[in-house]
Amino acid sequence: DELGQRVKGILNPPVAYIISDDGVHAQARRAQVAMEAVDIPTHLFFIPPGERSKSLAMAQNIYSWLADRKAERGHLVLAVGGGVVGDLAGFVAATYLRGMPFGQVPTSLLAMMDAAIGGKTAVDMPQGKNLVGAFYQPRFVLSDVSVLRTLPRRELNSGWAEAIKHGLILDEALLSTFEEGADEIPELRQEITTEVVRRSAAIKADIVSRDERETLRLRVLLNYGHTIGHALEAATGYGRYLHGEAVSIGMMGGAYIGEAMGLMSPDEVDRQHKVLTAYGLPLTFTGVDPDAVGEAMLTDKKIASGTIRWVLLDGIGNAVTREDVPPTLVRDAVRRLAG
């Protein structure tokens, strides 16, 4: 409800365009009311919920909508929604008129902790996820944790995956907080929810600030679980698994590979297994050919010279990149995930 006042204080655009999805219709309307209360005319565009809306065809629809409303380079594009909305709206903002100011108002846990922060914008292609995109930083990210209470339980659980990932890769103390708070954190008690969102967002923001475009091999550490996770999403047509669910399965695959390479102990693999289970996240997939998942990995953006750059854990809280993972270990791990 403070969105309009905050936007006016940051850049005071003459007109704004909210891109949202039908699942958060009420929150988008609240944002529109807040903007128009400070005399910023604000238009709304709703997309169908889900990853399948993150396409070049949908971007084209939004371009046409902006053109019909004579959008100008000084107007503001606002993403009000989860990661799909943020990625798509950000891509549109980065490319329409060669760049319009852009703000993120994440409404999902996953977006608040991860997707809305860092300036990665993209759309998917049938061959893979996020293959067409741009680095384009939002002018601001406004996260209101009170809206999380409107989310379905499955969406919430999906969001915890990225936050737990931040603990696994860089902050064992944050992971311990998730372990110790397994009873109260999922219930969204405001103080602890705000704290874990803040800490997780700070980890993401710090890494992005130091390695915005993944040139220093630092930002790539955030991709723990994403190589298998993105491949699983692509192999299932982006319709079966939420992003956090796919990342959770991918992190288990990464743990199995790490264990086989002598980087993780069986106790550490079990610790990861237990914390993901405590937050209702899947650890295996069904009804998908493991070979299809393996094939989808070959279009991953982390491939260099035909070799996948794997993000693995050299112990809890210490992520590393490795390009020497034998293909047999990958195949074994993916088959182990096929429960």
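The values are calculated or read from the model by the stated rules, or taken from the named source; none is laboratory data. The model shown is predicted, which means the values in this text are computed figures rather than measured ones. Areas reflect the complete protein model, heavy atoms only, side chains present, ligands, DNA and RNA absent. Shrake-Rupley method; radii C 1.70, N 1.55, O 1.52, S 1.80 Å.
Between the amide H of ILE47 and those of SER20, ASP21, ASP22, distances stay under 5 Å, these residues lying 5 or more places away or on another chain, with hydrogens modeled in the peptide plane. Against the longest principal axis of the chain, how steep is helix 153-170, in degrees 0 to 90 to the nearest 10, with axes from Cα atoms? Roughly 60 degrees, rounded to the nearest 10.
Which distance in Å, rounded to a whole number, links the C-alpha centroids of segment 174-250 and segment 61-115? Segment 174-250 and segment 61-115 have Cα centres separated by 22 Å. Relative contact order of segment 1-144, taken over Cα pairs closer than 8 Å and 6 or more residues apart, is 22 percent. For the chain, the solvent-accessible area of protein heavy atoms averages 41 Å² per residue (probe radius 1.4 Å; ligands and nucleic acids excluded). What do you get for the angle between helix 327-337 and the principal long axis of the chain? Use alpha-carbon atoms, 0 to 90 degrees, nearest ten. Between helix and principal axis, roughly 70 degrees. Taking the protein heavy atoms of segment 62-109 in the context of the full set of protein chains, the accessible area attributed to carbon and sulfur is 48 percent at 1.4 Å.
Between ALA161, ALA93, ALA182, the Gaussian network model of the chain with springs among Cα atoms under 10 angstrom shows the greatest mean-square fluctuation at ALA182.
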